[in-house]
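All of the numbers you see were taken from the coordinates with simple rules; none came from a lab. Fair warning: this is a prediction, and the values are worked out from it, not measured in the lab. Neighbour counts run over all protein chains shown; Cβ positions are idealised from the backbone, glycine included.
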Amino acid sequence: MKQKTSVTLSSDLLAQIDRDAGSKSSRSAFIEGILREYFKQKIRQAIYERDLKLLNEHAAYFNREMEDVLRHQAPIEYETEE
C-alpha cells in the first residue's frame, strides 16, 4: 500500500532527479527505487559486519583447523620442462 507524502528538495537536486529519471520514470518511482536500494545496502552492510565479527571472534579456531588440514595435504611435485 502506498501513501502520499511531501518532501522538500533543493532545486538543483530536483533537476538532477528529473535528468536521471528521464521520461521513463516518475519522480516518485525514481526516489522510491533509490530509497529501496539504500535500505537493501544497509541490510547487506549489517550482515557483512555481523559475519566479519563472527569470523574474527573464531579466527583462532579457523586457523587451527586450516593448519590441521594442511598437515594432511599430500606434497605437490612439479614436473620441470627440459
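Worth pointing out:
- Check on ILE17, part of a helix (DSSP H, G or I) and touching a residue at least 24 places away in the same chain (Cβ under 8 Å): no
- Hits in segment 23-39 (condition: in contact with a helix residue (DSSP H, G or I) (Cβ under 8 Å, 6 or more places away or on another chain) and among the polar types (S, T, N, Q)): SER25
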